[in-house]
Amino acid sequence: MAKKEVSLYSLTLEELREYLKEQGFAKFAADQVYNWIFKRYEFDFDKWSNVSGKIKKHFEENLDTFLPKVVWNGLSKDGTRKFLIGMNDSNTVEAVAIPAKNNRLTLCVSSQIGCAIGCTFCHTGTMGLTRHLTTGEVVGQYLAVTKWLRENVDEEARLTNIVYMGQGEPLHNFNNVKQATKVFMEEKGIGLGQRKITLSTSGLVPQIEKLQDFPPVNVAISLHAAHNNIRTELMPINKAYDLTRLFEAIRKIPLKAHRWITYEYILIADLNDRVEDLDGLSDLLDKKVSKVNLIPFNEYPESKFKRPSDEKIKWFQDELNRRGYICTTRTTKGTDILAACGQLKSEHDKLNLWAD
Ligand code: SF4
């Protein structure tokens, strides 16, 4: 491992054990370190009472121990909380904590700074891609938000689900997102189950074809249109991988029993909310393994698209249900703080970060 390139927060327990062994330390110390980081959310080495000083010094000198930092947060009226999280190079990303029933608290994490995909309905898409996040930075969002919630809201706070739906296309950053997912799932650490994690993709076909090499988490496809001309207008990636190629790849995703693929569908007035769009969806989607999640378009300043009326949204959902599909409409959360899907955009330029 090159010096300081590996984050302390990017290793599975077994990898940390092996690393410590390679460095001449006792393997079991990894369990203690893991407990401090991923169970107690304690990042101050001085508090790690059962970890030897030599190991702490070794970490400081050889691993990247920087923890991403909450630099701003905003609470929406509906309880959704958006966090602006600063990285070591002063770039920032957003992560959004979304409460739901049964004490669920889902963290929507970012996988890149900006995004290369350029969907035309997406605020983040206007930024372009600055860089991929490292594994430590993806995991670090979870750690930083949990730490912040425990210090400021509830000392028992726990994020129960993860969705890769923040800034960036997670499959464009395949290896780092895959490794972060393994860390999220580590039983003796955060311990999230496969069904608690959702990977969302805009339709990067070569990477979808590699999903058999990814932990078997939930998969969501940002479909948004059932006809190539409309999808290309919304998502330029459709030029490279059109609906035929996309669905060839989707059919190869290894699905465990009782598993579904979720199709995200942003409903935009007079563009993809018509009868011919319902017909197109019926042709494309296999009822037995497909769920449709309608997301009424969230208008933002300068957006060229409009949200359909509530009656139209209800009609579209009812029609899909009538045709035999499981279809829900996502309640838009956090719109008053621009935290809803497609509205994430770094506010870095508005903030003077890293003053301290
Ligand atoms: S919707 Fe997702 S994939 Fe598309 S530009 Fe925005 S962040 Fe990127």
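With all protein chains present, how much of the accessible area of the range 1-80 (probe radius 1.4 Å) comes from carbon and sulfur, to the nearest whole percent?
Numbers: 1990 of 4240 Å².
Reported share for carbon and sulfur atoms: 47 percent.
What is the distance in Å between the Cα centroid of the range 101-145 and that of the range 285-305?
Each part reduced to its Cα centre gives a spacing of 18 Å.
Kirkwood Rh, the range 1-127, all Cα pairs: how many Å? Working shown, then result.
Working: mean 1/r = 0.0582 Å⁻¹.
Kirkwood radius, the range 1-127: 17.2 Å.
Take the residue pairs K21/K188; K291/K314; K210/K312 and return only those whose Cα atoms are more than 27 Å apart. Walk me through the intermediate numbers first.
Values: K21/K188 19 Å; K291/K314 16 Å; K210/K312 38 Å.
Checking Cα-Cα distances, K210/K312 exceed 27 Å.
Any idea which of Y241, G166, V292 is furthest toward the positive side of the dipole for the chain, if Lys and Arg beta-carbons carry +1 and Asp and Glu beta-carbons -1?
Value: V292.
Tell me, what is the Rg over Rh of the range 110-213, with Rh the Kirkwood radius over Cα pairs?
Numbers: Rg = 14.4 Å, Rh = 14.5 Å.
So for the range 110-213, dividing Rg by the Kirkwood Rh gives 0.99.
Just the Cα atoms of the range 114-166, one point each, no solvent: what log10 I(q)/I(0) does Debye give at q = 0.14, 0.15, 0.18, 0.31 Å⁻¹?
Relative scattering, expressed as log10 I(q)/I(0), comes to -0.53, -0.58, -0.74, -1.13.
Under a GNM of the chain (C-alpha, springs under 10 Å), which listed residue has the highest mean-square fluctuation: K82, K21, K182?
Its mean-square fluctuation being the largest, the pick is K21.
Rolling a 1.4 Å sphere over the protein heavy atoms, what is the accessible area per residue of the chain, to the nearest Å²?
Numbers: 16090 Å² over 356 residues.
Per residue, the chain has an accessible area of 45 Å².
Can you give the three extents of the C-alpha atoms in the range 272-317 along their principal axes, from longest to shortest, in whole Å?
Principal-axis extents of the range 272-317 (Cα, largest first): 38, 18, 15 Å.
Charges only on Cβ, +1 for Lys and Arg, -1 for Asp and Glu: so what's the dipole of the chain about the Cα centre, in debye to the nearest 20? Intermediate results must be reported in sequence, preceding the final value.
Working: 49 positive and 46 negative charges, 166 e Å.
Computed charge dipole of the chain: roughly 800 debye.
Tell me, what ³J(HN,Hα) does each residue in the range 270-287 have, in order and in whole Hz, if you take phi through Karplus 6.51 cos²θ - 1.76 cosθ + 1.60 with θ = phi - 60° and put x for Gly and Pro?
Karplus values, whole Hz, x for Gly and Pro: 6, 10, 10, 10, 10, 4, 5, 6, 4, 4, x, 5, 4, 5, 7, 9, 7, 4.
Counting only protein heavy atoms and a 1.4 Å probe, tell me what percentage of the range 174-224's accessible area is made up of carbon and sulfur. List each step's numbers first, then the result.
Details: 740 of 1790 Å².
Summing carbon and sulfur atoms, their accessible area is 42 percent of the total for the range 174-224.
Looking only at Cα atoms, what is the convex hull volume of the range 207-251 per residue, in Å³?
Measuring per residue, one finds 76 Å³ for the Cα hull of the range 207-251.
How much of the calculated P(r) for the chain lies past 27 Å, in percent of all Cα pairs? Can you show the working numbers first?
Values: 30168 of 63190 pairs.
Percent of Cα pairs beyond 27 Å in the chain: 48.
Do me a favour and compute the ellipsoid semi-axes for the range 8-62 from its Cα gyration tensor, root of five times each eigenvalue, largest one first, whole Å. It would help to have the intermediate numbers written out before the result.
Values: eigenvalues 48, 34, 20 Å².
Gyration-tensor ellipsoid for the range 8-62: 16, 13, 10 Å.
The values are calculated or read from the model by the stated rules, or taken from the named source; none is laboratory data. Note that the coordinates shown come from a computational prediction; the quantities given were computed from them, not determined experimentally. Here Cβ is always computed from backbone atoms with ideal geometry, including for glycine, and neighbour counts include all displayed protein chains. Ligands, DNA and RNA are stripped out before the accessible areas are found, and what is left, the full protein with its side chains, is counted by its heavy atoms. Shrake-Rupley method; radii C 1.70, N 1.55, O 1.52, S 1.80 Å.
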